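The values are calculated or read from the model by the stated rules, or taken from the named source; none is laboratory data. All values reported here derive from a predicted model rather than from experimental measurement. In this analysis, Cβ positions are derived from the backbone assuming ideal geometry, glycine residues included, and neighbour counts consider all displayed protein chains.
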Amino acid sequence: MDIRAMNLSSVDLNLLVALEALLSERSVTLAARRLGLSQPAVSHALRRLRELFGDPLLVRSSGGLQPTERALSLSAPLAHALEAVRRTLEGPAAFDPATATRTFAVATADHGSFVLLPELWAALNAEAPGVDVAVRAGTVEQGMRELLDGELDLLVGPYQREVAGYYRQRLLHERFVCVLRRGHPAARGEFTLDRWLSLPHLLVAPTGRPGSAVDAALAAMGRTRRVGLSVPQFLLAPHVVAASELVWTAPERMARAYAALLPLTVVPVPIALEGFTVWQSWHERRHRDPGHAWLRQRVRAVAAGTRREDERGDE
């Protein structure tokens, strides 16, 4: 048979395993012992190999079986090919954070970055000094596409929907509070609905479109508010509020962190307002990747460390 024209589907690949053992042991008996087969079975395999390659492959000599030139030329490529097959069948290698060199791509809005990244980076850097993280912004739709295409490892944010082929894991729940500059007259006494609605509001609108959970809740009550200023990023909001008469209805963790740094006052929202849950989402193509699993575990552990006692009671 012309090897160059050989159809691989017509070849019993177990014969190549037998050939590897025969070339290594130079003995049918020893090869049979290594393979866990009978001596007649290995002798039969050798006959088939000789027919397949059109060459004796191993010939008798005073020192036992000796490989032909053809067999010698096959030895190294065969060993490399079978080793590659074995590695493939063994599955992914274990992930060792201490020695790993890898970059993970994570998409999240600035709220997720603010709440999670400082502690996450400290944890990753301590355990895996060779691991880097590239954080990027973008829409949910873009993030889902990039997860599918393998360009993104994790999507972190308040993305509620479940989609076939994707996994998601709850990280934390965020409540809303109102933020005003320290000394604002509206913060004196009870912060009522009418007082809240009498103020100009600051809205964080990453997409640039009007409307929010606050506006939906007010509409259900037959009320509206005036949005005096709309900005595209959370991190702009506290600095603007600290120097203005605006009120900002903000995620609590971010609001309280900035109130410790800037002249801000935090008060409760004067209506029942549902918060939002932050999730980490990923595609099934990464689900069994040991390195990716390690990253997900670290993100979840950091998020758990930010949770309030009332949140932990919900689990």
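At a glance:
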{"read-out": "Some residue of segment 171-180 being touching a strand residue (DSSP E or B) at 6+ places or on another chain (Cβ under 9 Å), in contact (Cβ under 8 Å) with a residue 60 or more places away in the chain and within 21 Å of Arg136 (Cα to Cα)", "value": "yes"}
{"read-out": "Tabulated pairs, segment 284-303, first assigned by TED's automatic domain parsing to the domain that holds Glu127, second surrounded by 15 or more Cβ atoms within 10 Å (Cβ to Cβ) and of a type in the set (S, T, N, Q), C-beta under 6 angstrom, 6+ apart or interchain", "value": "Val299/Gln280"}
{"read-out": "Qualifying position, being out of contact with any Pro (no Cβ under 9 Å at 6 or more places or on another chain), in the same structural domain as Thr249 (by TED's automatic domain parsing) and not aromatic (Phe, Trp, Tyr), among Ala205, Ala187", "value": "Ala187"}
{"read-out": "Within segment 290-304, considering residues that are over 21 Å from Arg175 (Cα atoms) and among the charged types (D, E, K, R), the one nearest to the chain's Cα centre (by Cα)", "value": "Arg296"}
{"read-out": "Criterion (modelled with pLDDT of 90 or more and touching an Asp or Glu at 6+ places or on another chain (Cβ under 7 Å)) met by exactly one of Val28, Val115, Val106", "value": "Val106"}
{"read-out": "Cross-chain or 6+ apart pairs with Cβ under 7 Å, segment 50-66 first and of a type in the set (Gly, Ala, Ser), then in a loop (DSSP other than H, G, I, E, B)", "value": "Gly54/Met1; Gly64/Arg26; Gly64/Ser27"}
{"read-out": "Residue selected from segment 271-289 under the condition more than 15 Å from the chain's Cα centre (by Cα) and surrounded by 13 or more Cβ atoms within 10 Å (Cβ to Cβ), by the criterion farthest from Asp215 (Cα to Cα)", "value": "Thr277"}
{"read-out": "Selection within segment 7-47 - among the β-branched types (Val, Ile, Thr) and not in a helix (DSSP H, G or I)", "value": "Val11"}
